[in-house]
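S.K.: Just dropping this structure here.
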Amino acid sequence: MKILLLAGDGIGPEIMVEAEKVLTALALPVMLDRALVGGAAYAATGHPLPPETLAKAKAADGILFGAVGDPRFDSVERHLRPEQAILGLRAELGLFANLRPAKMFAGLEDSSALRPEVASAIDLLIVRELNGDVYFGEKGTRMTASGEREGYDIMAYRESEVRRIAHVAFRAAQGRRGRLCSVDKANVLETSQLWRDVVVEVAADYSDVALSHMYVDNAAMQLVRNPGQFDVVVTGNLFGDILSDQASMCVGSIGLLASASLSEGKQGLYEPIHGSAPDISGQGVANPLAMILSLAMLLRHSGDDEASAARIEAAVAKVLADGCRGADLGGTMGTAALGDAVVSALNG
Ligand code: IPM
Ligand code: MG
């Protein structure tokens, strides 16, 4: 298996080192390659997703991605900003299905922003569409007739895009507790009405899955009121971006949530859902567990290696159950110490 490591910006390189430690400890027959991405690539080559990086990504079976985003480049033209690297990879590789699981780890109930008895019930999967929506619609700034500037981003979904993500979500629900909640804003948005209509059509193929619908504002509320009600949630790119950050704090820290971005085939990109966290980068305090859990997802989905994925996840769960905590969870362990703890749990 060919794995491309794209560490990126901010805390990306620090947490990538810890994922590499875990990969080394597993001693799997993998070919590793590396490339620049995001602000690091922009600084070196003038583009956040240089052709060489894209070519290596296309040739990889799995891409392990750290984070992109660097405040030094916040004012460069939008198409050259670090964030365009991840958006470009998602689009160029057809990575349309973003799986963002959120599950309470034993021992972390008191770290959640929610009451422990509410938080302990969390075991959900957000299936976020990743190739459409306002993210990829026409956008710009124009002058109105009255002479003021107006920014716009077009929200649009084609029925084929909704159908393929709906199939992914229904199949995921079949493999879990058989419940799927589709989140939209159909009371206001045409895009959402089409989304809902198409999800209902696809449901005909999955009589074993119980489908429900929820408006996104209500979903945001229900996610903190009673998150245990959710099994699989399917939603569009923008709503999924927001709800997955919210879900992360419900399980205790955004430093714990991994994600997989999948195409129709086996290829995938795996990344923590958090960003580059420039405020803490370079201090050795970032939580590497989401990065390490992303490696587990890579081995499972792109490597067909369920055993190694489960081993990593069990090691992370053990480390947390043993009380290992970084600053994000009110503890004092640094990035490297947490990575080392996972490695010894793997071997122990
Ligand atoms: C995420 C991030 C990205 C997104 C940014 C970095 C473009 O927030 O993966 O959730 O909005 O999708
Ligand atoms: Mg996000």
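S.K.: Please return the ranges of helices (runs of 4 or more DSSP H) entirely within region 1-96 where 2 or more residues are buried (at least 21 other Cβ atoms within 10 Å of the Cβ) and within 16 Å of the chain's Cα centre (by Cα). Step through it out loud before you land on a result.
M.R.: Details: elements: 12-26, 39-45, 51-59, 83-92.
Because the criterion is at least 2 residues that are buried (at least 21 other Cβ atoms within 10 Å of the Cβ) and within 16 Å of the chain's Cα centre (by Cα), the helices (runs of 4 or more DSSP H) in region 1-96 that meet it are 12-26, 83-92.
S.K.: Within region 217-240, identify whether any single residue is open to solvent by less than 10 Å² (accessible area, probe 1.4 Å), assigned to a loop (DSSP other than H, G, I, E, B) and either among the basic types (K, R) or within 15 Å of ligand 2 (Cβ to nearest atom) (or both), and answer yes or no.
M.R.: Scanning region 217-240, I find at least one residue that is open to solvent by less than 10 Å² (accessible area, probe 1.4 Å), assigned to a loop (DSSP other than H, G, I, E, B) and either among the basic types (K, R) or within 15 Å of ligand 2 (Cβ to nearest atom) (or both), so the answer is yes.
S.K.: Could you please let me know if Y157 is open to solvent by 30 Å² or more (accessible area, probe 1.4 Å) and within 17 Å of G236 (Cβ to Cβ)? Step through it out loud before you land on a result.
M.R.: Values: open to solvent by 30 Å² or more (accessible area, probe 1.4 Å): no; within 17 Å of G236 (Cβ to Cβ): yes.
So Y157 fails the test.
S.K.: Further question: Among all residue pairs at least 6 apart or on different chains, which show Cβ distances below 6 Å where the first residue, located in region 190-204, is touching a residue at least 12 places away in the same chain (Cβ under 8 Å) and open to solvent by 70 Å² or more (accessible area, probe 1.4 Å) and the second is assigned to a helix (DSSP H, G or I) and hydrophobic (A, V, I, L, M, F, W, C)?
M.R.: Qualifying pairs under 6 Å: none.
Per-residue answers, yes or no, for (1) of a type in the set (D, E, K, R); (2) part of a loop (DSSP other than H, G, I, E, B); (3) touching a strand residue (DSSP E or B) at 6+ places or on another chain (Cβ under 8 Å):
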{"residue": "A156", "(1), (2), (3)": "no, yes, no"}
{"residue": "V162", "(1), (2), (3)": "no, no, yes"}
{"residue": "A169", "(1), (2), (3)": "no, no, yes"}
{"residue": "A173", "(1), (2), (3)": "no, no, yes"}
{"residue": "R176", "(1), (2), (3)": "yes, yes, yes"}
{"residue": "N187", "(1), (2), (3)": "no, yes, yes"}
{"residue": "S192", "(1), (2), (3)": "no, no, yes"}
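S.K.: Between S294, S263, S308, which is among the hydroxyl-bearing types (S, T, Y), touching a residue at least 40 places away in the same chain (Cβ under 8 Å) and under 30 Å from P71 (Cβ atoms)?
M.R.: S294
S.K.: Here's something else I'd like to know. Restricting the search to region 261-295, which residues are crowded, with 20+ Cβ neighbours inside 10 Å, more than 12 Å from ligand 1 (Cβ to nearest atom) and under 18 Å from A309 (Cα atoms)?
M.R.: Answer for region 261-295, where residues must be crowded, with 20+ Cβ neighbours inside 10 Å, more than 12 Å from ligand 1 (Cβ to nearest atom) and under 18 Å from A309 (Cα atoms): L262, Q267, G268, P288, L289, M291, I292, L293, L295.
S.K.: Consider D61 against the criteria (1) more than 16 Å from ligand 2 (Cβ to nearest atom); (2) charged (D, E, K, R); (3) under 26 Å from G326 (Cα atoms); (4) in contact (Cβ under 8 Å) with a residue 60 or more places away in the chain: it satisfies all of them except one. Which criterion is unmet?
M.R.: Single failed check for D61: (3).
The values are calculated or read from the model by the stated rules, or taken from the named source; none is laboratory data. The structure presented is a predicted model; accordingly, all values stated were derived computationally and were not measured. Here the Cβ is made from the backbone with ideal geometry for all residues, glycine too, and neighbour counts use every protein chain on show. What goes into the accessible areas is simple: the full protein's heavy atoms, side chains included, and nothing from ligands, DNA or RNA. Shrake-Rupley method; radii C 1.70, N 1.55, O 1.52, S 1.80 Å.
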